[in-house]
Amino acid sequence: MNKPETSIERHRAKREAVYEAAATVFAQYGFRRTTMNDIAQAAGISRPALYLMFANKENLFQGLAAFRLDQAIEQALDVLAGGGDTNERVIEALLVFERIFYEPIADSPHGAELMDISQSLASELMMKDIVRLHAALAKTLSDAEQAGEVNFGNSPLKPKAFVELLFTGVNGVKKKANNTEEFRKMVKQLAEVFLQSVTK
């Protein structure tokens, strides 16, 4: 892998390395027990250097949430942009998104606490960003309808509302699934039920 060449790229790479280290530490100890010193040690930098990058632990966590969310959305968009069956792409995009954004938190013994912190510290940011994925999924379904692959004619929902309700269902699955494997299976089943309702 090539080393970052510009100061901006080096700064971005350093920040991303801190995010990866912080994610590991938060998963291991939870948000409240984690200290900035823990994160600095895990990232291989000094505590003062960490404070030059982030004002406090809350600010770092918000940045981590935004970083992971952006990663998840971009990879889900890549899946949607690919070829093949529309239903399969929609389901895979959902699974890819949750695999990157939700599952690392869910797999932590402190998952419930980390989810609560995400909601309290980053919910506004998350909702603003998630609209991008909702819009891309809705466009994929609208394009599929124009191509004759799906039909919303008999559905009480248009693609945008359809996607929003699907995500509401996925959030419900998060509370019910006992492990990652069960979560993926239930998300796939939920999406299949939704998509069957508009599939010709």
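The values are calculated or read from the model by the stated rules, or taken from the named source; none is laboratory data. The shown structure was predicted, so the numbers you read here are calculated from the model rather than taken from an experiment. All Cβ positions, even for glycine, are placed from backbone atoms using ideal geometry, and neighbour counts span all protein chains on display.
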Requested in this report: Just give me the residues in segment 80-124 being of a type in the set (S, T, Y), touching a residue at least 60 places away in the same chain (Cβ under 8 Å) and closer than 26 Å to F26 by Cβ, in sequence order.
Outcome: Y102, S108
Report task. Residue by residue through segment 170-198, note down the ones that are outside any helix (DSSP H, G or I) and of a type in the set (V, I, T). Result -> V198
Report summary line: Considering segment 94-130, residues that are of a type in the set (V, I, T) and within 23 Å of M186 (Cα to Cα), and then whichever is nearest to the chain's Cα centre (by Cα), we arrive at I100
Report summary line: Among F194, F162, F152, the single one that is among the hydrophobic types (A, V, I, L, M, F, W, C), surrounded by 14 or more Cβ atoms within 10 Å (Cβ to Cβ) and under 23 Å from M126 (Cα atoms) is F162
Report summary line: Residue pairs within 8 Å by beta carbon, gap of at least six or interchain, first lying in segment 58-69 and over 19 Å from R33 (Cα atoms), second of a type in the set (D, E), listed first then second, are A66/D129; F67/E16; L69/D129
Report task. Among the residues of segment 149-169, write down those that are part of a loop (DSSP other than H, G, I, E, B) and farther than 12 Å from A138 by Cα. Result -> E149, N151, G153, N154, S155, P156
Query raised in the report: G83 is checked against (1) under 21 Å from D129 (Cβ atoms); (2) in contact with a Lys or Arg (Cβ under 9 Å, 6 or more places away or on another chain); (3) exposed (fewer than 14 other Cβ atoms within 10 Å of the Cβ); (4) of a type outside the set (A, V, I, L, M, F, W, C) and fails just one. What number does that condition carry?
Result: (1)
Query raised in the report: Considering only segment 1-29, how many residues are among the basic types (K, R) and not in a helix (DSSP H, G or I)?
Result: 1
Requested in this report: Check whether at least one residue in segment 146-153 is out of contact with any helix residue (DSSP H, G or I) (no Cβ under 6 Å at 6 or more places or on another chain), among the small types (G, A, S) and on the phi > 0 side of the Ramachandran plot, and report yes or no.
Outcome: yes
Query raised in the report: What tally of residues in segment 37-48 results from selecting those that are surrounded by fewer than 17 Cβ atoms within 10 Å (Cβ to Cβ) and in contact with a Lys or Arg (Cβ under 9 Å, 6 or more places away or on another chain)?
Result: 2
Report summary line: Checking A144, A135 in turn, the sole residue that is touching a strand residue (DSSP E or B) at 6+ places or on another chain (Cβ under 7 Å) and at pLDDT 95 or above turns out to be A144
Query - helices (runs of 4 or more DSSP H) contained entirely in segment 30-114, each with at least 1 residues that are among the basic types (K, R) - result: 47-53, 57-81, 86-101
Requested in this report: Give segment 174-187 a look and list any residue that's farther than 17 Å from P104 by Cβ and surrounded by 15 or more Cβ atoms within 10 Å (Cβ to Cβ), or say none.
Outcome: M186
Query raised in the report: Taking A27 and the conditions (1) surrounded by 20 or more Cβ atoms within 10 Å (Cβ to Cβ); (2) in contact (Cβ under 8 Å) with a residue 40 or more places away in the chain, which numbered condition does it fall short on, given that it satisfies the others?
Result: (1)
